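Written below as C-alpha cells is the structure these notes are about.
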Amino acid sequence: MKKNEPGSKKQNRVLNTKGKKRLFSAACGLAVGLINGLLGAGGGMLAVPLLKKAGLSQQEAHASSIAVILPLSMVSAVLYWFAGRTDLSKAWIYMPSGVVGAVLGALLLHKLPARWLRRCFGVFMLWAGVRLLTH
C-alpha cells in the first residue's frame, strides 16, 4: 500500500488531524456564540485568542473575530427583539458614533504592531473584568 492511498497510516493521520481541527473549530464557535448570546458581549474576546490558536496573526484574529461576531450578534439581537427584551430607541443613540469608531478601529488595526495590539487588547480585557467585578 502506498503512503497516500486511502486507508494508509499517513492518510488516516491526515484525516484524523482534519477531524480534530473541525471539532475544535465547531466547539470554539459554540462557545463564542454562547458567550455572545448569553452576555450580550464577550464573544469577540473569546474569539480572538481562539483564532490566534488556530494559526491567524494578531491582526487577522482581530479582524476575523468581527466577521465571526457580526452574524452571531445579529441573530442574538433579533431573538432579543422578538422576545421584547430590546428597546431600539435606546440603542440608536450609540450607533452613529459607534460606526465612526468601527471605521477608525478598522483603519488603525493594520497600523498597530501586533505586540501593541495584544497589549491594548489585554488592558481592555483587564479593565472590563475589573469593571464587571466592582460594579
Taking region 48-84 and the residues there that are in contact (Cβ under 8 Å) with a residue 12 or more places away in the chain and either touching a His at 6+ places or on another chain (Cβ under 9 Å) or not in a helix (DSSP H, G or I) (or both), the one that is nearest to P113 (Cα to Cα) would be Q59
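Say we look at region 41-79 and pick out the residues that are surrounded by fewer than 14 Cβ atoms within 10 Å (Cβ to Cβ) and farther than 24 Å from K20 by Cα; which of these is modelled with the lowest pLDDT? Reasoning before the result, please.
Going residue by residue through region 41-79, those that are surrounded by fewer than 14 Cβ atoms within 10 Å (Cβ to Cβ) are 41, 53, 55, 57, 67, 70-71, 74-75, 78-79.
The next check asks that each one be farther than 24 Å from K20 by Cα; those that pass are 41, 70-71, 74-75, 78-79.
Numbers: A41: 72, L70: 88, P71: 88, M74: 88, V75: 89, V78: 90, L79: 90.
So the residue we want is A41.
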With the checklist (1) closer than 29 Å to T86 by Cα; (2) modelled with pLDDT of 90 or more in hand, flag the one item G29 doesn't pass. (2)
Out of region 80-97, which residues are touching a helix residue (DSSP H, G or I) at 6+ places or on another chain (Cβ under 8 Å) and surrounded by 11 or more Cβ atoms within 10 Å (Cβ to Cβ)? W81, T86
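Is it the case, given these coordinates, that R131 is more than 18 Å from V32 (Cα to Cα) and part of a helix (DSSP H, G or I)? Don't jump to the end; show me each part of the working.
Working: more than 18 Å from V32 (Cα to Cα): yes; part of a helix (DSSP H, G or I): yes.
The answer is yes for R131.
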Output yes when any residue across region 98-109 is surrounded by 12 or more Cβ atoms within 10 Å (Cβ to Cβ), touching a helix residue (DSSP H, G or I) at 6+ places or on another chain (Cβ under 7 Å) and assigned to a helix (DSSP H, G or I), and no when none is. yes
Qualifying positions in region 110-128 - outside any loop (DSSP other than H, G, I, E, B) and among the basic types (K, R): R115, R118, R119
Scan of region 85-97 for residues that are assigned to a helix (DSSP H, G or I), within 24 Å of G33 (Cβ to Cβ) and at pLDDT below 90, ordered by number: L88, A91
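The values are calculated or read from the model by the stated rules, or taken from the named source; none is laboratory data. Here the structure is a predicted model, which is why all the values come from computation and not from measurement. No Cβ is skipped: glycine too gets one built from the backbone with ideal geometry, and neighbour counts run over all protein chains shown.
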